[in-house]
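Reading through the structure tokens given below for one structure.
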Amino acid sequence: MEESYVKNQHYISRGILKNFAYDNSHVYECLVEKERIYPTNYANSMSEKYIYEHSKIEINKVEKFFSRIENYICPAINKLINNLESENPNFKKIKSKIEYYMREFLIFYYRSGALLHEFSYNIKNKKNKIFLLLENILNSNYLETLKKVIINNYKFAILKSDNDFIMSDQYFSTATLGIKGRFTNINNRYIGLKDVIIFIPLSSKFVTSNLIVFSKILIVIIVVRLGISIKRRNPSP
């Protein structure tokens with residue numbers, strides 16, 4: 001029997017979206033440009049029809065590749081969340097596990113909707129964006145190098161919100177703490193540069209913060225409603 005296409009293909013894993021559901025089934029989506037906010041089942045969120053399909057690629061091949069990763073990373077994330085919600089979280093073990101799975105987190109970032117949209121810039125056939133995606137996630141040397149940069153040069157923290165974090169279709173969220181960044185439009189493509197902070201969402205309650213700092217500035221991170229506020233101050237003498 002001929003295999004049929006998986007129609008609804010997610011660019012943010014359902015296993016992660018589930019951790020943002022407010023009633024175990026639904027999330028709120030916000031379309032910024034259209035100024036719309038509405039509830040939807042997380043199974044229908046952050047997805048697009050046949051987004052990973054191409055006439056030159058075997059049916060469902062890319063979808064199956066991501067599914068194999070999700071089958072072990074999503075249960076691992078759930079264990080991390082359970083650890084964080086326990087009475088005595090083992091932060092050393094949590095940090096170790098997040099570092100261990102950093103390559104998978106990076107793959108999730110590169111498959112995200114924002115990146116897929118960006119890959120389609122300046123190419124005539126928009127369907128060919130899938131090859132730019134594969135070029136990034138199948139480059140094991142690049143992913144391993146980027147993983148080591150983050151692990152070896154970034155400070156690590158877990159942020160918890162008493163309300164809810166939000167997650168974009170980019171998956172990773174980034175920000176620059178330097179004044180120059182405001183004028184250079186610095187963003188996720190600058191992971192690894194001085195004073196760039198990375199947020200990796202685990203659930204609506206927990207997000208990891210990775211910060212690379214090469215200056216003598218003490219970074220104070222304060223969790224606020226629906227997001228994160230960052231204050232900078234010089235260290236005490």
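Taking the conditions exactly as written (aliphatic (A, V, I, L, M), surrounded by 15 or more Cβ atoms within 10 Å (Cβ to Cβ) and touching a Pro at 6+ places or on another chain (Cβ under 9 Å)), does I12 satisfy them or not?
On the way: aliphatic (A, V, I, L, M): yes; surrounded by 15 or more Cβ atoms within 10 Å (Cβ to Cβ): yes; touching a Pro at 6+ places or on another chain (Cβ under 9 Å): no.
Answer is no for this residue.
Just checking, which of L17, L31 is surrounded by 12 or more Cβ atoms within 10 Å (Cβ to Cβ) and not β-branched (V, I, T)? Break it down stepwise before answering.
Numbers: L31 fails: surrounded by 12 or more Cβ atoms within 10 Å (Cβ to Cβ).
The conditions single out L17.
Would you confirm, using the coordinates I've provided, whether Y28 is of a type in the set (F, W, Y) and either in contact (Cβ under 8 Å) with a residue 60 or more places away in the chain or within 27 Å of T208 (Cα to Cα) (or both)? Let's see the steps before the verdict.
On the way: of a type in the set (F, W, Y): yes; either in contact (Cβ under 8 Å) with a residue 60 or more places away in the chain or within 27 Å of T208 (Cα to Cα) (or both): yes.
Here the answer is yes, as Y28 does meet what is asked.
Scanning region 51-94 for residues that are among the hydroxyl-bearing types (S, T, Y) and under 19 Å from N136 (Cβ atoms), which turns out surrounded by the most Cβ atoms within 10 Å (Cβ to Cβ)? Write out each step before concluding.
Restricting attention to region 51-94, the residues satisfying the condition of being among the hydroxyl-bearing types (S, T, Y) are 52, 55, 67, 72, 86.
Narrowing the set further to residues that are under 19 Å from N136 (Cβ atoms) leaves 52, 67.
Details: Y52: 23, S67: 13.
Result: Y52.
Take region 90-133 and flag every residue that is assigned to a loop (DSSP other than H, G, I, E, B), at pLDDT 90 or above and over 17 Å from the mean Cα position of the chain (by Cα).
N90
Listed residues E58, E99, E85, E63; which is among the acidic types (D, E) and closer than 30 Å to L31 by Cα? Outline the logic, then answer.
On the way: E58 fails: closer than 30 Å to L31 by Cα; E99 fails: closer than 30 Å to L31 by Cα; E85 fails: closer than 30 Å to L31 by Cα.
On inspection, the qualifying residue turns out to be E63.
For the condition buried (at least 16 other Cβ atoms within 10 Å of the Cβ), assigned to a helix (DSSP H, G or I) and among the polar types (S, T, N, Q), what is the one hit in N136, N141?
Details: N141 fails: buried (at least 16 other Cβ atoms within 10 Å of the Cβ).
The match here is N136.
Name the strands (runs of 3 or more DSSP E) wholly within region 146-216 that hold at least 1 residues that are at pLDDT below 80?
Values: elements: 154-160, 173-176, 196-201, 206-212.
Output list reads 173-176, 196-201, 206-212.
Which condition number does L106 fail, the rest of (1) surrounded by 13 or more Cβ atoms within 10 Å (Cβ to Cβ); (2) within 21 Å of S55 (Cα to Cα) being met?
That leaves (2) as the condition not met.
With the requirement that a residue be touching a residue at least 24 places away in the same chain (Cβ under 8 Å) and closer than 21 Å to Q170 by Cβ, what does region 51-79 give you?
The answer is I51, Y52, V62, E63, F66, I69, E70, I73, C74, I77.
The values are calculated or read from the model by the stated rules, or taken from the named source; none is laboratory data. Worth saying up front: this structure is predicted, and the values here are computed from it rather than measured. FYI the Cβ positions are ideal-geometry reconstructions off the backbone, even for glycines, and counts take in every protein chain you see.
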